[in-house]
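Input: a single structure, listed below in structure tokens.
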Amino acid sequence: MLSNLLVTKQKVVLIIDELNRERIALRFIDSLLHEQGQEAGTIKTLPIGNLRHVSSYQALLNECGNNNNNNNNNNQSGEAADFKSVPATVMGASTKAEYNVILPTLADLLCYQTPAYIFSFINRLRRSEHVRRVFLWASPQHLQHHHAQYILAGCEYLAELILRLETETLMSLISRKPGGGVSNKRYACQVTKTEFHVTPLDGQAAVGSPKQPSPEAEQTAEPASSTFKIELDEDEVVARNALTLPYERTSEPAEGNIIYTPDADDDFDDEDPDEDLCI
């Protein structure tokens, strides 16, 4: 199911719709969240009729924070009533709810707010500890702005998960992981009455199906062809063993002999060794 790919740990999810299906954006994202067990109370939306007022955006942030504060107060009140049977370590504990925020489409946001404010608001949602996920739907052909291309690129920069609906049967998914890794995968999609079924391309396993080992993986991997040869055949091993390296050579012991060739002017007179000095 597609919800297995979109409802993940990534916080900001951007859906780029090349098919111009903005009218089903809210219902589509809401169904994905319910497929993954997200309750209706954890889903927050921003009313389209109040997009002109900046206070509406701030009210959404406050609503998420206030609901968490109310839950914490209720938990602390219940713990105080049963303090005799509850350990001290548990009395200080509080549960923090996390909300899934579905924003209006990017085209609707640009009709009422500047790109700078939209980016700032998305960033505030991303940094909020009370927000678990943020969903934004964008149809490039519906962006009535002279810098639409750069605005969409800015949204892609803020997003951690980017789903691009390319055709009726093809889509791509870019996922950025906290460690810095990025994956870009393509899927074949098929829409039925009950689910949005996706099948990975490039020989990957289908979403939700167990990974089957390929027959090639079970066989022993053969070395790739290369001009550099590592293995030696039998003749080469014999030649290598018979080769004597320079540092392994030893010379046989022999008597030291001095070979001298006499010169014509040499005078070997033992009676007067200093005769040649003309004294």
TODO: Of the conditions (1) open to solvent by 30 Å² or more (accessible area, probe 1.4 Å); (2) modelled with pLDDT of 90 or more, T167 clears all except one; give me its number.
DONE: (2)
Open item on the list: If I filter the stretch 9-21 down to residues being closer than 17 Å to L125 by Cβ and either of a type in the set (S, T, N, Q) or surrounded by 14 or more Cβ atoms within 10 Å (Cβ to Cβ) (or both), which single residue comes out as modelled with the lowest pLDDT?
Closed with: Q10
- [ ] Scan the stretch 174-184 and give yes if some residue there is assigned to a loop (DSSP other than H, G, I, E, B), β-branched (V, I, T), surrounded by 10 or more Cβ atoms within 10 Å (Cβ to Cβ) and at pLDDT 70 or above, otherwise no.
- [x] no
Open item on the list: With the requirement that a residue be under 17 Å from V134 (Cβ atoms), open to solvent by 40 Å² or more (accessible area, probe 1.4 Å) and outside any helix (DSSP H, G or I), what does the stretch 22-54 give you?
Closed with: Q36, Q38, T45, P47
Task: Near pairs, Cβ below 7 angstrom, 6+ apart or cross-chain, from the stretch 115-130 (of a type in the set (F, W, Y)) to any residue that is part of a helix (DSSP H, G or I) and crowded, with 19+ Cβ neighbours inside 10 Å - done: F121/Y57
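Conditions (1) within 30 Å of the chain's Cα centre (by Cα); (2) surrounded by 12 or more Cβ atoms within 10 Å (Cβ to Cβ); (3) modelled with pLDDT of 70 or more, marked per residue:
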site	(1), (2), (3)
S56	no, yes, yes
S94	no, yes, no
I102	yes, yes, yes
L109	yes, yes, yes
P115	yes, yes, yes
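The values are calculated or read from the model by the stated rules, or taken from the named source; none is laboratory data. Because the structure is predicted, anything quoted here is derived from the model rather than measured. Neighbour counts are summed over all protein chains in view; Cβ atoms, including those assigned to glycine, are modelled from backbone coordinates with ideal geometry. Heads up: the accessible areas ignore ligands, DNA and RNA and are worked out on the full protein's heavy atoms, side chains in. Shrake-Rupley method; radii C 1.70, N 1.55, O 1.52, S 1.80 Å.
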